[in-house]
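Here is the structure we will look at, set down as structure tokens.
The values are calculated or read from the model by the stated rules, or taken from the named source; none is laboratory data. Values in this document were obtained by computation on a predicted structure and should not be read as measured data. FYI the Cβ positions are ideal-geometry reconstructions off the backbone, even for glycines, and counts take in every protein chain you see. Surface areas here come from the heavy atoms of the whole protein model, side chains and all, with no ligands, DNA or RNA. Shrake-Rupley method; radii C 1.70, N 1.55, O 1.52, S 1.80 Å.
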Amino acid sequence: MRMYDLIIKKRNGQSLTEDEIKFMINSYAMGEIPDYQMSAMMMAIYFQGMSEEETLALTMAMANSGDTLDLSGIAGIKVDKHSTGGVGDKTSLALTPMVAACGVKVAKMSGRGLGHTGGTIDKLESFPGFSTEIEIATFEKNVNEIGISIMGQTKDLAPADKKLYALRDVTATVDQISLIASSIMSKKLASGADAIVLDVKTGSGAFMKTLPDSVALAEEMTRIGNGAGRKTVAVISDMDQPLGLAVGNILEVQEAIATLRGEGPEDFTQLCMCLGSYMLVAGGKAENEMQAREMLAEVIANGTALEKLAEFVKAQGGDASYVYEPEKFVLAQIVEEIPAPESGYIQSIVCDEIGICSLILGGGRETKENEIDLSVGLVLHKKVGDKVEAGESLATIYANDADKCRQAKQRFLAAYTIAPEKKEPQPLIKKVIMPSGWNEGKIFLI
Ligand code: URA
């Protein structure tokens, strides 16, 4: 088999066979196919697309290109959750203990934040001592014993994807749906969970800006997951404004803790309940969405979800006292309000700009090597549809550098549109893509 022939085939719009895709991925991972040939192939795929069969074969080849976790030794159904990333997306911090407190085993690999979106690992590292660089044996032990563990992606997990993603990043071939779906799902499949709940974000703060693109990505990912024998469901949720109110690492951890105490923002709580209900049904602990929601509400009300977070933090070396006393977290020194320039209703918020404000403050990283400041960020007081008076605070900003604070404030104000007419906010949950059979017997309401 020659890579040259495969490039011609794809360039001319023909489908590649499973064997050809395996050959291409394995040879590329071993350094036997040069970057220039793989770049040509990625561009051919970008223009010609891939069939469902090709996309599944590509995903499996990448998933099997390195270590794959075997979680079969852990009793019960192991469920994973993945978000395509957004601003203020601290969902995993609250959702995973909620679900684990209901008896579903959560085995999750997470990443760090990059660009305007944050990452779960950075947020978890707000707890002094917390580590996601744990051995696989510890990961399995924690999932088994306390029902939850989150670890960083090891370098040996789907290494072909890692190499290919870096190449796509510099050859303008990232934004192709089959390539994105296979890239994300290869890592999810290699992580070994039996069921996967995907949160596909849509809007100005998301990777996918339009609903049709988000639906297409969600459909592709659920097809891959279910095709690979993992029960996979995707929720498409709004990212046209930040999720919840807090944006910034420690601030988001505090908001997640408040949510586990039943005092979280409404939209964020709603998303946790929605994703959590699918995780409980996928994990075999609830028959339907209604029952799942009752169970989730119960673990918040009786404090066991909060206790589960404390257990999880402790098991990964973190200081769990912060779970019960979140005011112990040290926030940035400069704390200022951002007053509204005029009265009216909030019409829109350019969501990625709010993520960029946090980035400017030092709360995010532009490149993978950047250090981040966990203590900075913003807490919004007004979201789309809210009424505001001139001079009233739109948000509180937390900074450690006066110049960065000034820049972030300017950018923040430019992201808000205020006008006299009332505005209805968009629904948070846009659509749910589930495998056939799941909605028979009206399991889910949405
Ligand atoms: N995230 C990934 O892991 N891969 C992509 O291709 C895009 C986003």
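Among the residues making up region 41-90, those that are part of a helix (DSSP H, G or I), under 21 Å from the mean Cα position of the chain (by Cα) and not hydroxyl-bearing (Ser, Thr, Tyr) are 62, 63. Criterion applied to 66, 86, 103 was being modelled with pLDDT of 90 or more, over 28 Å from residue 242 (Cβ atoms) and within 16 Å of the ligand (Cβ to nearest atom), and the one residue passing it is 66.
Among the residues of region 117-138, just one is open to solvent by less than 10 Å² (accessible area, probe 1.4 Å) and of a type in the set (Phe, Trp, Tyr), namely 127.
Does residue 221 qualify as being modelled with pLDDT of 95 or more and either within 14 Å of the ligand (Cβ to nearest atom) or over 21 Å from residue 275 (Cα atoms) (or both)? Yes, satisfied.
Going by the conditions given, is residue 229 within 16 Å of the ligand (Cβ to nearest atom), of a type in the set (Gly, Ala, Ser) and modelled with pLDDT under 95?
So residue 229 does not fit the description; no.
When residue 313 is tested against (1) touching a residue at least 40 places away in the same chain (Cβ under 8 Å); (2) over 20 Å from residue 122 (Cα atoms), only condition (2) is not met. Residues in region 319-343 that are in a helix (DSSP H, G or I) and either modelled with pLDDT under 95 or of a type outside the set (Lys, Arg) (or both): 321, 322, 323, 324, 326, 327.
Considering each of 155, 141 in turn, give the residue that is surrounded by fewer than 22 Cβ atoms within 10 Å (Cβ to Cβ) and closer than 16 Å to residue 190 by Cα.
155 is the lone residue from the list that is surrounded by fewer than 22 Cβ atoms within 10 Å (Cβ to Cβ) and closer than 16 Å to residue 190 by Cα.
Looking only at region 67-83, which residues are in contact with an Asp or Glu (Cβ under 8 Å, 6 or more places away or on another chain) and open to solvent by 30 Å² or more (accessible area, probe 1.4 Å)? Result: 67, 73, 77, 82. Go through region 13-37 and give me each residue that's outside any helix (DSSP H, G or I) and either of a type in the set (A, V, I, L, M) or open to solvent by 90 Å² or more (accessible area, probe 1.4 Å) (or both). Scanning region 13-37 gives 14, 16, 30, 32, 33. Of the residues making up region 336-345, one or more are β-branched (Val, Ile, Thr), touching a Ser or Thr at 6+ places or on another chain (Cβ under 7 Å) and open to solvent by less than 10 Å² (accessible area, probe 1.4 Å).
Test residue 311 against the criterion of being open to solvent by 30 Å² or more (accessible area, probe 1.4 Å) and at pLDDT 95 or above, and give yes or no. Taking the combined requirement at face value, the residue satisfies it. Listed by position, the helices (runs of 4 or more DSSP H) enclosed by region 128-215 that each have at least 1 residues that are touching a residue at least 40 places away in the same chain (Cβ under 8 Å), within 16 Å of the ligand (Cβ to nearest atom) and among the hydroxyl-bearing types (Ser, Thr, Tyr) are 177-190.
Would you confirm whether any residue within region 92-111 is open to solvent by 30 Å² or more (accessible area, probe 1.4 Å), out of contact with any Ser or Thr (no Cβ under 6 Å at 6 or more places or on another chain) and closer than 24 Å to residue 160 by Cβ? Checked region 92-111: at least one residue is open to solvent by 30 Å² or more (accessible area, probe 1.4 Å), out of contact with any Ser or Thr (no Cβ under 6 Å at 6 or more places or on another chain) and closer than 24 Å to residue 160 by Cβ. Exactly one residue among 346, 446 is β-branched (Val, Ile, Thr), within 25 Å of the chain's Cα centre (by Cα) and either modelled with pLDDT of 95 or more or not in a strand (DSSP E or B) (or both), and that residue is 446. For region 363-390, what are the residues that are more than 14 Å from residue 88 (Cβ to Cβ), open to solvent by 50 Å² or more (accessible area, probe 1.4 Å) and not aliphatic (A, V, I, L, M)? The answer is 366, 367, 368, 369, 370, 371, 386, 387, 389. Answer yes if at least one residue in region 37-53 is closer than 24 Å to residue 226 by Cβ and β-branched (Val, Ile, Thr), and no otherwise. Yes: region 37-53 contains one or more residues that are closer than 24 Å to residue 226 by Cβ and β-branched (Val, Ile, Thr).
Quick check on region 145-164. Is at least one of its residues at pLDDT below 95, out of contact with any Lys or Arg (no Cβ under 8 Å at 6 or more places or on another chain) and β-branched (Val, Ile, Thr)? Looking for residues that are at pLDDT below 95, out of contact with any Lys or Arg (no Cβ under 8 Å at 6 or more places or on another chain) and β-branched (Val, Ile, Thr), one finds at least one in region 145-164, hence yes. For region 265-282, the set of residues classified as over 9 Å from residue 99 (Cα atoms) and open to solvent by less than 10 Å² (accessible area, probe 1.4 Å) consists of 268, 271, 272, 274, 275, 278, 282, listed by residue number. On the stretch given as region 241-283, residues that are in a helix (DSSP H, G or I) and not acidic (Asp, Glu) total 25.
Yes/no per residue for (1) within 30 Å of residue 288 (Cβ to Cβ); (2) modelled with pLDDT under 95; (3) surrounded by fewer than 19 Cβ atoms within 10 Å (Cβ to Cβ):
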position	(1), (2), (3)
392	no, no, yes
396	no, no, yes
399	no, no, no
407	no, no, yes
414	no, no, yes
424	yes, yes, yes
437	yes, yes, yes
441	yes, yes, yes
